[in-house]
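One structure is given below, encoded as structure tokens.
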Amino acid sequence: MRSAVQIAKAASRKYPGEPCATLGPLIHNPQVLEQLAKEGVRTSYGLDDIDSGTVVIRSHGVGKALLDACYAKGLVVADATCPHVKRMHRMVAQAEPGLPVIIVGRADHPEVQGTAGWAQGPVTVVESVEAAESLPEMRGALVVAQTTIPNGLYRSIIRALERRVDRLTVLDTVCPATAMRQAEARELAQWANMMLVVGSSLSSNTRELYETCRARCPRTILIESLDDIPEDIRMDSANLNDSANPMDNSPARSRAELNVGITAGASTPDWLYKEVVNRMNDKENVTQATVDPQAVESVNPVDAPKDASADADANASFMADIEATLVKIRPGQTVTGTVVQVTEDEICVNIGFKSDGLVKRGDLINKDVKVGDEIDVEVIKVNDGEGNVLLSQRNVVSRKNWDALMAKYDANEFIEGVGKEAVKGGLIANVLGVRAFIPASQLSQRYVDKIEDFVGKPMKLKIIEVDRSKKRIVCSRKAAIAEEVALKKKEAWSRLNEGEVIMGTVRRLTDFGAFVDIGGVDGLVHVTDLSWGRVRHPNEVVQPGQEIQVKVLALDPERERIQLGYKQTQPRPWDIAEEKYPPGLIVEGRIVRTTTFGAFVELEPGLDGLVHISQCALSRIAKVEDAVEVGQVVRVKVLGVDPVAKRISLSIRAVLEDEAFIYSNDIPGEGFDTVYSDEVGLAE
């Protein structure tokens with residue numbers, strides 16, 4: 001509320017002479033509204049009478065349609081919506097379209113009406129447990145709460161809703177400052193036998209505070225102005241006993257003293273609260289008066305009206321003394337402190353308070369802290385009963401980690417986790433210290449037989465569901481893999497060009513070819529493009545896991561098909577045949593087929609030579625099959641190469657003659673003459 005007032009004043013000063021109006025009362029206090037009017041900020045109850053200038057959106061916020069209408073009229077919008085309310089608007093707007101939204105609060109409250117204006121589905125407002133129990137059964141719903149609703153009431157209504165809604169998504173939207181103020185007011189009312197609640201009866205926050213105090217201290221008075229303070233608040237012993245809480249037998253409730261507690265609503269001006277405190281301390285018949293530290297945590301004297309300045313100056317010294325004794329820290333607050341002592345069980349931290357704070361070893365994230373280190377800690381208890389302030393480092397880190405996860409969730413980014421425990425239906429993973437559940441169906445793109453195999457393994461995950469109230473998340477490894485594959489495919493297709501040669505890895509083989517991974521996408525090397533020679537099956541050329549160079553032959557983005565070639569990355573055999581097989585060279589080859597005029601010998605894939613029938617044996621033969629057979633490996637001599645005609649002449653006979661000559665020279669007088677004479681005889 002204080003922030004809204006300051007925003008309105010700043011907006012009026014920024015454009016002097018221009019109209020400045022608020023949509024509805026900015027604060028439930030007539031004196032403050034009167035002061036704002038004097039500074040040029042008027043209160044409007046609708047957009048119809050605001051035609052130009054600046055419009056101030058109060059802390060309750062407004063619906064999307066009304067905000068759009070402000071911009072459509074060309075108005076300057078000064079948005080003073082409470083950050084907690086704005087966060088709730090954002091979460092409601094981001095809910096699944098058509099999903100019912102249940103708002104816990106008062107239907108006539110402007111914050112509830114504004115929140116309803118951001119929903120994309122049907123909206124139901126419930127104010128009590130009975131109203132929640134009377135709702136029809138629903139398959140799913142999102143539930144949020146008016147930020148000033150008491151936490152206990154919200155939890156009770158949620159329990160009732162869980163019996164009516166199959167899948168209830170609960171968002172924690174209760175303002176922590178409101179909850180803290182309510183808690184401290186309860187504690188104060190338990191101690192006091194008179195409570196003064198300073199604020200306007202029009203303020204929902206103040207009314208909740210009043211009811212909270214009245215439930216514990218029957219003599220609770222709502223103070224809207226100084227005139228509401230009773231002139232004579234002296235009570236006799238009988239009255240004190242009547243007003244005391246019968247369940248409280250503490251000495252503070254004695255018959256001899258009057259203990260007055262003072263608290264204030266969020267919209268109460270600081271100057272009014274101070275005046276009430278001063279007035280009560282001036283009364284002689286008040287034995288003891290105490291104040292709610294939350295109510296005076298931030299004091300802004302600018303809010304005081306001009307005619308109250310003299311009294312404020314007169315009491316400035318006295319109030320400074322009071323404020324010096326007030327608690328300056330509160331549970332849940334994060335502070336930075338310096339380590340001043342380290343023991344085996346705990347460390348002592350100076351946080352600038354009247355007493356140092358203690359952090360148990362179990363609440364430390366960094367176990368190696370030493371004296372002089374600065375660390376961020378959270379206040380757990382201001383007083384543990386022995387005058388010590390209890391702190392926790394783990395809570396701060398956990399909250400930062402949770403905020404980091406929520407930022408990644410909002411940005412649709414991946415997170416890193418480690419499998420922790422296999423449970424029924426899935427896997428529990430640790431993600432930055434946050435418990436994450438991964439359903440079995442979301443662990444992999446294929447069926448997972450043993451969930452235990454994922455325990456201890458790091459994995460990339462995608463958050464698919466969030467329970468902010470319990471700080472739990474549901475993740476999917478399957479979705480992360482699918483998105484990564486899709487991203488790799490997109491990147492791969494963007495850099496592929498027909499005709500380029502790239503590296504790839506053989507993934508799998510089929511009868512018709514080999515599938516090769518080329519960096520996120522698979523392409524097919526057809527069996528005819530594996531080799532320049534004849535290939536019966538791809539495994540004759542490549543094996544799964546083998547890295548090979550391939551050429552991009554054709555791209556079909558619409559059908560997501562890529563045609564690759566392996567043989568195209570290798571020289572054509574006939575291009576180098578003349579150089580590789582000079583006349584006179586003796587090589588080995590395999591008989592691949594026979595004809596009536598000779599046998600074809602494969603020297604290498606794609607390169608065959610012909611052995612004429614006259615060159616198949618030392619002696620004359622009637623048919624080729626009398627000398628050689630298909631599949632036989634033979635030694636042949638190259639007689640000639642014609643790369644243009646793609647012909648290679650080979651001879652088995654020439655090799656046999658050379659071998660016979662060598663054999664004859666090695667053993668004189670044996671073998672050669674006989675072979676030669678037989679050959680001559682046959683020739684004749």
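Structure summary
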{"read-out": "The lone exception for ILE613 - which of (1) free of Cβ contacts under 8 Å to residues at least 24 places away in the same chain; (2) farther than 19 Å from LEU639 by Cα; (3) touching a helix residue (DSSP H, G or I) at 6+ places or on another chain (Cβ under 8 Å); (4) not acidic (Asp, Glu) it fails", "value": "(2)"}
{"read-out": "Identity of the residue in the range 546-588, polar (S, T, N, Q) and crowded, with 16+ Cβ neighbours inside 10 Å, that ends up nearest to LYS646 (Cα to Cα)", "value": "GLN568"}
{"read-out": "Entirely in the range 345-434, the strands (runs of 3 or more DSSP E) that have 1 or more residues that are acidic (Asp, Glu) and assigned by TED's automatic domain parsing to the domain that holds VAL455", "value": "415-423"}
{"read-out": "The range 165-185, subset touching a strand residue (DSSP E or B) at 6+ places or on another chain (Cβ under 8 Å) and in a helix (DSSP H, G or I), residue surrounded by the most Cβ atoms within 10 Å (Cβ to Cβ)", "value": "ALA185"}
{"read-out": "Test: residue in the range 516-532 that is in contact with a strand residue (DSSP E or B) (Cβ under 8 Å, 6 or more places away or on another chain) and surrounded by fewer than 14 Cβ atoms within 10 Å (Cβ to Cβ)", "value": "no"}
{"read-out": "Residue check for GLU231: modelled with pLDDT under 75 and either of a type in the set (S, T, N, Q) or closer than 30 Å to LEU33 by Cα (or both)", "value": "yes"}
{"read-out": "One residue from ALA78, ALA132 being surrounded by 14 or more Cβ atoms within 10 Å (Cβ to Cβ), in the same structural domain as ALA8 (by TED's automatic domain parsing) and either touching a His at 6+ places or on another chain (Cβ under 7 Å) or within 28 Å of THR206 (Cα to Cα) (or both)", "value": "ALA78"}
{"read-out": "Candidate set from the range 86-119 (those that are surrounded by fewer than 23 Cβ atoms within 10 Å (Cβ to Cβ) and among the charged types (D, E, K, R)); member that is farthest from TYR409 (Cα to Cα)", "value": "ASP108"}
{"read-out": "Within the range 135-156, tally of residues that are of a type outside the set (Val, Ile, Thr) and either under 14 Å from GLY121 (Cα atoms) or in the same structural domain as ASN205 (by TED's automatic domain parsing) (or both)", "value": "5"}
{"read-out": "Filter result (in contact with a Gly (Cβ under 6 Å, 6 or more places away or on another chain) and surrounded by 19 or more Cβ atoms within 10 Å (Cβ to Cβ)) within the range 595-609", "value": "VAL601, LEU603"}
{"read-out": "Hey, ALA37 outside any strand (DSSP E or B), more than 28 Å from THR173 (Cα to Cα) and either small (Gly, Ala, Ser) or within 37 Å of the chain's Cα centre (by Cα) (or both) or not", "value": "yes"}
{"read-out": "Sole exception among (1) touching a residue at least 40 places away in the same chain (Cβ under 8 Å); (2) closer than 19 Å to HIS109 by Cα; (3) of a type in the set (A, V, I, L, M); (4) in a helix (DSSP H, G or I) for ALA189, by number", "value": "(2)"}
{"read-out": "Residue in the range 350-375 that is farthest from GLU184 (Cα to Cα), counting only those that are at pLDDT 85 or above and in contact with a Gly (Cβ under 8 Å, 6 or more places away or on another chain)", "value": "GLU374"}
{"read-out": "Unique match (being of a type in the set (Asp, Glu) and either closer than 21 Å to ARG477 by Cα or modelled with pLDDT of 85 or more (or both)) among GLU386, GLU413", "value": "GLU413"}
{"read-out": "Inter-residue pairs, beta-carbon under 8 Å, first touching a residue at least 40 places away in the same chain (Cβ under 8 Å) and in the range 29-51, second of a type outside the set (Asp, Glu) and part of a helix (DSSP H, G or I), 6+ apart", "value": "ASN29/LEU272; GLN31/LEU272; VAL32/VAL5"}
{"read-out": "Residues satisfying the stated conditions in the range 124-142, i.e. of a type in the set (A, V, I, L, M) and farther than 16 Å from ARG90 by Cβ", "value": "VAL125, VAL126, VAL129, ALA131, ALA132, LEU135, MET138, ALA141"}
{"read-out": "Qualifying positions in the range 1-34 - part of a helix (DSSP H, G or I), hydrophobic (A, V, I, L, M, F, W, C) and over 15 Å from ASP79 (Cβ atoms)", "value": "VAL32, LEU33"}
{"read-out": "Scope the range 84-102; condition closer than 25 Å to ASP403 by Cβ and not in a loop (DSSP other than H, G, I, E, B); matching residues", "value": "HIS84, VAL85, LYS86, ARG87, MET88, HIS89, ARG90, MET91, VAL92, ALA93, VAL101"}
{"read-out": "Near pairs, Cβ below 7 angstrom, 6+ apart or cross-chain, from the range 439-454 (over 19 Å from GLU416 (Cβ atoms)) to any residue that is assigned to a loop (DSSP other than H, G, I, E, B) and at pLDDT below 85", "value": "ALA440/VAL448"}
{"read-out": "Neighbours by Cβ (under 7 Å, 6+ apart or cross-chain): first from the range 317-342, over 16 Å from GLY372 (Cα atoms) and among the basic types (Lys, Arg); second in a helix (DSSP H, G or I) and at pLDDT 65 or above", "value": "ARG330/MET180"}
{"read-out": "Selected residue [free of Cβ contacts under 8 Å to residues at least 12 places away in the same chain and not in a helix (DSSP H, G or I)] from ARG534, ARG507, ARG559", "value": "ARG559"}
{"read-out": "Counted residues, the range 51-69 - those being surrounded by fewer than 20 Cβ atoms within 10 Å (Cβ to Cβ) and more than 26 Å from LEU142 (Cα to Cα)", "value": "4"}
{"read-out": "Residue among LEU188, LEU226, LEU196 that is crowded, with 16+ Cβ neighbours inside 10 Å, at pLDDT 80 or above and touching a helix residue (DSSP H, G or I) at 6+ places or on another chain (Cβ under 7 Å)", "value": "LEU196"}
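Table: residues versus (1) surrounded by fewer than 17 Cβ atoms within 10 Å (Cβ to Cβ); (2) out of contact with any Leu (no Cβ under 6 Å at 6 or more places or on another chain).
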residue: VAL371; (1), (2): yes, yes
residue: VAL377; (1), (2): no, no
residue: ILE380; (1), (2): no, no
residue: VAL396; (1), (2): no, yes
residue: ALA407; (1), (2): yes, yes
residue: ASN412; (1), (2): yes, yes
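The values are calculated or read from the model by the stated rules, or taken from the named source; none is laboratory data. This is a predicted model, so every value here is computed, not measured. Every residue, glycine among them, receives a Cβ derived from its backbone with ideal geometry; neighbour counts consider all protein chains shown.
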